[in-house]
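Taking it in order: structure first as structure tokens, then the write-up.
The values are calculated or read from the model by the stated rules, or taken from the named source; none is laboratory data. Computed from a predicted structure; not experimentally measured. Please note: Cβ atoms are built from the backbone with ideal geometry, for glycine as well, and neighbour counts cover all protein chains shown. In case anyone asks, the SASA skips ligands and DNA or RNA and just uses the protein heavy atoms, side chains included. Shrake-Rupley method; radii C 1.70, N 1.55, O 1.52, S 1.80 Å.
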Amino acid sequence: MKYVLVTGGVVSGLGKGVTASSIGVVLKACGLRVTTIKIDPYLNTDAGTMSPFEHGEVFVLDDGGEVDLDLGNYERFLDIKLTRDNNITTGKIYQSVINKERRGDYLGKTIQVVPHITDEIQDWIERVAMNPVDGKEGPPDVCVIELGGTIGDIESMPFIEALGQFSYRVGPGNFCLVHVSLVPVLNVVGEQKTKPTQHSVRGLRGLGLAPDILACRSTEPLEENVKAKLSQFCHVPISSIISLHDVTNIWHIPLLLRDQRAHEAILKVLDLQFVGKVPREPKLAEWTERASKFDKLKATVKIATVGKYTGLSDSYLSVLKALLHASVAMGRKLVVEWVPSCDLEDSAAKETPEAHKKAWKLLKGAEGILVPGGFGDRGVQGKILAAKYARENNVPYLGICLGMQIAVIDFARSIMKLPGANSTEFDPDTTSPCVIFMPEGSKTHMGATMRLGSRRTYFHVTTCKSAKLYGNARFVDERHRHRYEVNPEMVPEFEKAGLSFVGKDESGRRMEIIELPSHKFFIGAQFHPEFKSRPGKPSPLFLGLIAAASGQLETLLQPNSNIVNPNPMPRYIGPVVPKKTLYPKGHAKKPLDSLVNGYFANGIIHT
């Protein structure tokens with residue numbers, strides 16, 4: 001097993017996740033099997049209870065793991081299926097060590113950060129790295145590890161120490177360190193400054209790790225004299241200094257790495273340069289075509305995304321990426337209009353009239369409306385008004401999780417004449433509870449108590465748009481994250497009034513997909529289809545929304561359409577127990593224990 005560690009310096013938000021994903025893409029394109037691990041130094045057990053404003057969206061895996069959004073990047077870029085163990089947190093590590101101490105596993109020893117915490121980190125990495133994530137048998141060839149945060153952070157220190165020990169444990173030729181740093185340009189002098197990176201590398205060396213490769217973020221390509229200076233002061237060969245300058249879309253990043261021969265530098269450190277006597281060369285024709293196609297798109301499609309976290313686009317990162325994948329597949333340049341749901345409400349007309357006017361202008365100017373998932377009652381009435389506007393004006397609509405539930409509430413109020421209809425999440429005493437708390441849920445514990453992970457949805461109406469978008473499949477497996485569901489006792493009344501529940505779970509009592517048959521495109525899904533969208537395999541429901549918004553839905557739904565392709569993801573095989581020494585050049589180790597971007601937003605270009 002070979003390991004590539006990606007660290008970051010100077011400032012956060014440099015794009016370590018995209019860099020780690022792109023390294024994985026290039027190595028995979030060289031014929032290697034790749035897995036990934038994300039280390040988050042925060043004390044939370046997982047990301048499930050964190051606000052999107054704190055850490056961006058919570059990404060959900062097939063096994064129900066609520067993890068950091070970077071694992072979504074890994075899955076999208078590498079087309080793999082990860083597990084909750086691929087996200088390491090300080091909380092998980094300490095919890096595991098304390099559980100062992102309580103069982104008496106340490107035989108009366110004094111439990112310390114070194115060696116017990118550091119050993120636990122190393123054992124966790126070794127164990128998880130062996131699990132296949134691409135649907136094939138046997139362990140992967142390379143594990144890309146991203147260390148969250150910035151070098152020098154207090155909470156990262158145990159992980160830095162553990163990774164320093166780990167590099168010695170696995171031995172030379174099995175460990176490559178890629179350090180992502182910033183090379184800023186000061187407007188006053190107009191030249192690229194290397195001092196921040198020099199200090200970052202010095203700090204890294206002081207902690208016992210030396211970079212093999214420098215990946216330097218900058219607005220423009222690094223100048224040759226800047227590379228020479230970095231090489232001299234950071235002790236890294238010029239050929240191993242990579243320029244990660246701004247590009248038109250993130251699909252260019254793997255191409256940047258390839259063009260600068262980053263794969264050669266990494267493979268040389270890992271002693272993987274050749275297959276027999278033939279040098280490994282990345283095959284990235286599909287990525288090149290996709291990146292080029294994106295840059296050439298001219299015709300736009302405008303989607304209004306209505307939510308309460310619109311001030312931070314990372315809160316809806318997977319939704320954004322799914323829209324992007326679908327729009328590129330349909331030959332359209334994506335324009336996202338972020339609409340704060342609170343600003344649509346009647347109360348905003350009095351309190352913030354300008355914001356209210358602007359929000360409705362954005363909503364009415366959109367060609368499609370999307371209401372993503374969320375929790376809490378803030379902004380809910382605005383989301384209900386958005387669903388109502390889409391329904392009454394035949395505007396393509398996609399509601400995800402809460403977005404489906406508020407569409408049901410609007411239908412009950414407007415069509416079924418039940419003015420008091422609501423979700424018990426927002427009004428526990430409602431006389432018409434069309435959305436209710438799930439019986440198996442917990443009202444006392446928040447973490448990992450929802451209906452999580454991959455669940456099967458069966459189509460009960462085979463002629464519906466959703467079934468056609470999924471390639472006329474009998475059922476689909478999608479990921480869930482919710483505590484509330486449509487009240488099954490009210491379903492007959494809804495269907496009698498014209499709302500069709502076309503997808504249900506295996507029991508037939510849990511509503512998964514709704515449609516309005518008379519509408520151009522009005523679909524709600526209890527699951528989160530965005531989590532399984534991929535650059536080359538867009539989510540069918542997002543594809544349908546973009547197609548309807550751009551006037552291409554009829555063509556898309558034709559039986560001979562070559563765009564609709566559900567392409568099921570490879571299945572997860574399960575953990576593999578190594579039967580031989582992993583590191584022929586390495587050092588003694590203990591036996592392992594087995595445990596369970598490019599879009600336009602409100603007129604501004606983003607990548």
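Which pairs break 21 Å Cα to Cα here: LYS358/LYS465; LYS468/LYS504; LYS383/LYS468; LYS81/LYS383; LYS193/LYS268?
Values: LYS358/LYS465 33 Å; LYS468/LYS504 16 Å; LYS383/LYS468 27 Å; LYS81/LYS383 32 Å; LYS193/LYS268 29 Å.
Correct reply: LYS358/LYS465; LYS383/LYS468; LYS81/LYS383; LYS193/LYS268.
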Exercise. Roughly how many whole Å is it from the C-alpha centroid of the range 447-512 to that of the range 77-143?
Worked result: 36
For this session: Using a 1.4 Å probe and counting only protein heavy atoms, arrange VAL67, VAL113 so the residue with the most accessible area comes first.
Result: VAL113, VAL67
Problem set entry | Solvent-accessible area of ARG378 with every protein chain in place, 1.4 Å probe, in Å² to the nearest 10 | 110
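Given R₀ = 51 Å, FRET efficiency for VAL275-GLN112 by Cβ-Cβ distance, to 0.05? Don't jump to the answer; show the numbers that get you there.
Numbers: r = 44 Å, r/R0 = 0.87.
For R0 = 51 Å, the calculated efficiency reads 0.70.
With an 8 Å cut-off on Cα pairs and a minimum separation of 6 or more residues, tell me the relative contact order of the range 90-208 in percent. Before the final figure, lay out each step's value.
On the way: 66 pairs, mean separation 22.5, N = 119.
It comes to 19 percent, rounded to a whole number.
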Problem set entry | Three-way shape call for the range 417-526 based on the alpha-carbon gyration tensor, with the a/c threshold at 1.5 | oblate
Exercise. Can you work out ³J(HN,Hα) from phi for every residue in the range 511-522, in order, using Karplus 6.51 cos²θ - 1.76 cosθ + 1.60 and θ = phi - 60°, giving whole Hz and x for Gly and Pro?
Worked result: 7, 10, 9, 10, 9, 9, x, 7, 8, 3, 6, 9
Exercise. Where does the charge balance sit around VAL339 when Lys and Arg score +1, Asp and Glu -1, over other residues with C-beta under 11 Å from its C-beta?
Worked result: +3
Problem set entry | Gain in span if fully extended, ARG202 to THR449, counting 0.36 nm per residue against the direct Cα distance | 84.5 nm
Exercise. At what distance in nm do the modelled label points of PHE53 and ALA349 sit from each other, each positioned 7 Å from its Cα along Cα→Cβ?
Worked result: 2.7
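Is the C-alpha gyration tensor of the range 100-148 telling us rounded, prolate or oblate? Criteria: a/c under 1.5 is rounded; beyond that, a/b larger than b/c is prolate, otherwise oblate. Intermediate values should be presented prior to the final figure.
Numbers: a/c = 4.15, a/b = 2.15, b/c = 1.93.
Note, shape of the range 100-148 comes out prolate.
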For this session: Run the 1.4 Å probe and let me know the accessible area of THR430, rounded to the nearest 10 Å².
Result: 20
Exercise. When the chain is fully extended, how far beyond the present Cα-Cα distance does GLU440 get from ARG103, taking 0.36 nm per residue of separation?
Worked result: 118.3 nm
Problem set entry | Whole-percent pair-distance distribution, where bins are 5 Å wide, for the alpha carbons of the range 324-437 | 2, 11, 20, 22, 20, 13, 7, 3, 1, 0
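Under the rule a/c < 1.5 gives rounded, and otherwise a/b versus b/c splits prolate from oblate, where does the range 225-284 land using the Cα gyration tensor? The partial results should precede the final answer.
Working: a/c = 3.27, a/b = 1.17, b/c = 2.80.
Oblate is the answer for the range 225-284, as a/c is 1.5 or above yet b/c matches or exceeds a/b.
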Seminar exercise, completed: Treating only Lys and Arg (+1) and Asp and Glu (-1) as charged, each at its beta carbon, one finds that the range 235-387 has a dipole about its Cα centre, in Debye to the nearest 20, of 420
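With a 10 Å radius around each residue's Cβ, average the other Cβ atoms per peptide and rank 88-100, 3-15, highest first. Before the final figure, lay out the partial values.
Numbers: 88-100: 17.4, 3-15: 20.8.
With the highest mean Cβ count within 10 Å placed first, the list reads 3-15, 88-100.
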Problem set entry | Rg over Rh [alpha-carbon atoms, Kirkwood Rh] for the range 2-292 | 0.96
Exercise. With θ set to phi - 60° and the Karplus curve 6.51 cos²θ - 1.76 cosθ + 1.60, what are the ³J(HN,Hα) couplings of the range 306-319 in order, to the nearest whole Hz, using x for Gly and Pro?
Worked result: 9, x, 9, 10, 5, x, 9, 5, 4, 5, 10, 4, 5, 4
Problem set entry | Candidate aspartates and glutamates - alpha carbon under 20 Å from LYS100, same-chain residues fewer than 8 apart omitted | ASP46, ASP85, ASP119, GLU120, ASP123, GLU126, ASP593
Exercise. In deg cm²/dmol, rounded to 500, what helix-only [θ] at 222 nm does the chain give when every DSSP H run of at least 4 residues adds -39500 (n - 2.57) and the total is split over its residues?
Worked result: -9500 deg cm²/dmol
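Select from the range 187-231 those trypsin sites (Lys or Arg not before Pro) which occupy a DSSP coil region and have at most 16 other Cβ atoms within 10 Å, ordered by residue number. Mind dumping the intermediate values first?
On the way: sites: LYS193, ARG202, ARG205, ARG217, LYS227, LYS229; in loops: LYS193.
Taking the range 187-231 and a limit of 16 other Cβ atoms within 10 Å, the loop trypsin sites (Lys or Arg not before Pro) found are LYS193.
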For this session: On a C-alpha basis, how far is the centre of the range 1-63 from the centre of the range 165-195 in Å? Whole number, if you could?
Result: 17
Seminar exercise, completed: Loop-resident trypsin sites (Lys or Arg not before Pro) in the range 122-175 with no more than 14 other Cβ atoms inside 10 Å, DSSP not H/G/I/E/B, are LYS136
For this session: Can you tell me which of 475-486, 284-295 comes out highest on packing, and rank the rest after it, using the mean Cβ neighbours within 10 Å?
Result: 475-486, 284-295
For this session: For every other residue with a beta carbon closer than 14 angstrom to the beta carbon of LYS195, add +1 if it is Lys or Arg and -1 if Asp or Glu, then tell me the sum.
Result: +2
Problem set entry | Euclidean distance between Cα centres, the range 270-291 to the range 304-319, Å | 36
Problem set entry | Mean separation of Cα contacts under 8 Å (6+ apart) over length of the range 2-292, as relative contact order % | 25
Exercise. Could you give me the ³J(HN,Hα) list for the range 404-412, computed from phi with Karplus coefficients 6.51, -1.76, 1.60 and θ = phi - 60°, whole Hz, x at Gly and Pro?
Worked result: 6, 4, 6, 5, 5, 4, 4, 4, 5
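What percent do you get for the relative contact order of the range 377-457 when only Cα pairs under 8 Å and 6+ apart count? Write down the numbers at each step before the final one.
Numbers: 71 pairs, mean separation 14.5, N = 81.
So the answer I get is 18 percent.
Relative to the compact globular guide of 2.2 N^0.38 Å, what is the alpha carbon radius of gyration of the chain, as a ratio? Display every interim value, and only then the final one.
On the way: Rg = 25.2 Å, N = 607, 2.2 N^0.38 = 25.1 Å.
It is 1.00.
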